[in-house]
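K.L.:
Take a look at the following structure, please.
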Amino acid sequence: MNTRIFMALFAISTIIGCSKEEDEVAAPAKVYAEENPLAAYVANSGFNQTTTNFINAGSYEFGLRFTPKVKGKINAITVNIPDNATTLRVTIWDAEAKTVLRTVNISNVVANTEKKETMDPLTLQKDGKYAITFNSNDWYNRTKTGNAPTNYPITAGNFVIEGYNWASGTTQAFPTSVSNAYYAGDLGFVFQQMD
């Protein structure tokens, strides 16, 4: 008789336990705020003291190498230049392999007005090596007072900026020349951390 009571109680507790697990609802995933590391980079590098506008000054492929400190995704590109442009080509690179991960063409850029171009999200891995560049003959040239160099790496939010790269010409090729004496841009991206 005791065995039958035990078995009945075990069956009832198993049923109750199962229904409790089914009733539990998973907590929603945390949604992180978007960030653009460009402003923090300009401030932390010291390249916020002197700005010179270059217009129709020869075409270059130029931008920043960076490492995310967290996994996340790029949702948009931002660009600001001192002249109008029909189209600007922006490239996101695997900086170690020097291969193209994504090309985004930004249309109808208006002088001295930041243009934000949304894109299909591109996932970046924590501690991955990336670069973002654009090709233009117009840019803001930012330096420190007295043209002093900056020291890389530079922390900007969830990113470590490893350096500034450039190359002359219009070819979509990874720029291998580097400089720590100035920054030419302005090119940024909208990033959102993921768990």
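The values are calculated or read from the model by the stated rules, or taken from the named source; none is laboratory data. From a predicted model like this one, the values you see are computed outputs, not experimental measurements. Using ideal geometry, Cβ is built from the backbone for each residue, glycine included, and neighbour counts are taken over all protein chains shown. We work out accessible area using only protein heavy atoms, side chains counted, and drop any ligands, DNA or RNA first. Shrake-Rupley method; radii C 1.70, N 1.55, O 1.52, S 1.80 Å.
K.L.:
Under 5 Å between amide hydrogens, which residues at least 5 positions from Ala95 or on another chain qualify, with H placed 1.01 Å from N in the peptide plane?
P.N.:
Result for Ala95 returns Lys129, Tyr130, Ala131.
K.L.:
Please give the direction-averaged projected area of the C-alpha convex hull for segment 55-116, in square nanometres with one decimal.
P.N.:
Quarter of the Cα hull surface area: 5.0 nm².
K.L.:
Could I ask something else about it? If you fit an axis through the alpha-carbon atoms of helix 2-23 and take the longest principal axis of the Cα set of the chain, what angle between them do you get, 0 to 90°, nearest 10?
P.N.:
Here the helix axis deviates by roughly 20 degrees.
K.L.:
For the chain, list log₁₀ I(q)/I(0) at each q in 0.17 Å⁻¹, using the Debye formula over Cα point scatterers of equal strength and ignoring solvent, two decimals each.
P.N.:
Reported log10 I(q)/I(0), two decimals: -1.11.
K.L.:
If you place +1 on the Cβ of every Lys and Arg and -1 on the Cβ of every Asp and Glu, how big does the dipole about the Cα centre of segment 90-195 come out, in debye to the nearest 20?
P.N.:
Result for segment 90-195 is approximately 200 debye, rounded to the nearest 20.
K.L.:
How many Å² of accessible area per residue for the chain, probe 1.4 Å?
P.N.:
The answer is 54 Å² per residue.
K.L.:
Whole-Hz Karplus ³J(HN,Hα) for segment 72-82, in order, using 6.51 cos²θ - 1.76 cosθ + 1.60 and θ = phi - 60°, x for Gly and Pro?
P.N.:
x, 9, 8, 9, 7, 10, 10, 9, 8, 9, x
K.L.:
Also: If you roll a 1.4 Å probe over segment 42-97 with all protein chains in place, what percent of the accessible area is carbon or sulfur?
P.N.:
40 percent
K.L.:
Follow-up question, since we're still on this one. Which whole-Hz ³J(HN,Hα) couplings does segment 26-38 yield from phi under the Karplus relation 6.51 cos²θ - 1.76 cosθ + 1.60, θ = phi - 60°, glycine and proline marked x?
P.N.:
5, 5, x, 5, 5, 9, 8, 5, 6, 9, 10, x, 4
K.L.:
Roughly speaking, what is the stretch gain from Ala39 to Asp127, that is 0.36 nm per residue apart minus the C-alpha to C-alpha distance, in nm to one decimal? Present the calculation step by step, with values, prior to reporting the outcome.
P.N.:
On the way: separation 88, 0.36 × 88 = 31.68 nm, distance 2.11 nm.
Full extension of this stretch gives 29.6 nm more.
K.L.:
Right, here's the next one. Amide H to amide H, which residues 5 or more places from Phe159 or on other chains are under 5 Å from it, using H placed in the peptide plane?
P.N.:
Answer set, sorted by chain and number: Lys69.
K.L.:
Can you give the charge dipole size of the chain about its Cα centre, rounded to the nearest 20 debye, using +1 on the beta carbon of Lys and Arg and -1 on the beta carbon of Asp and Glu?
P.N.:
300 debye
K.L.:
What's the Cα-based Rg to Rh of segment 90-194, Rh via Kirkwood?
P.N.:
Value, to two decimals: 0.93.
K.L.:
Next up: Just grab the label-to-label distance for Ala27 and Val100, each label 7 Å out from Cα along the Cβ direction, in nm (one decimal).
P.N.:
Going by the 7 Å Cα→Cβ label model, 4.3 nm.
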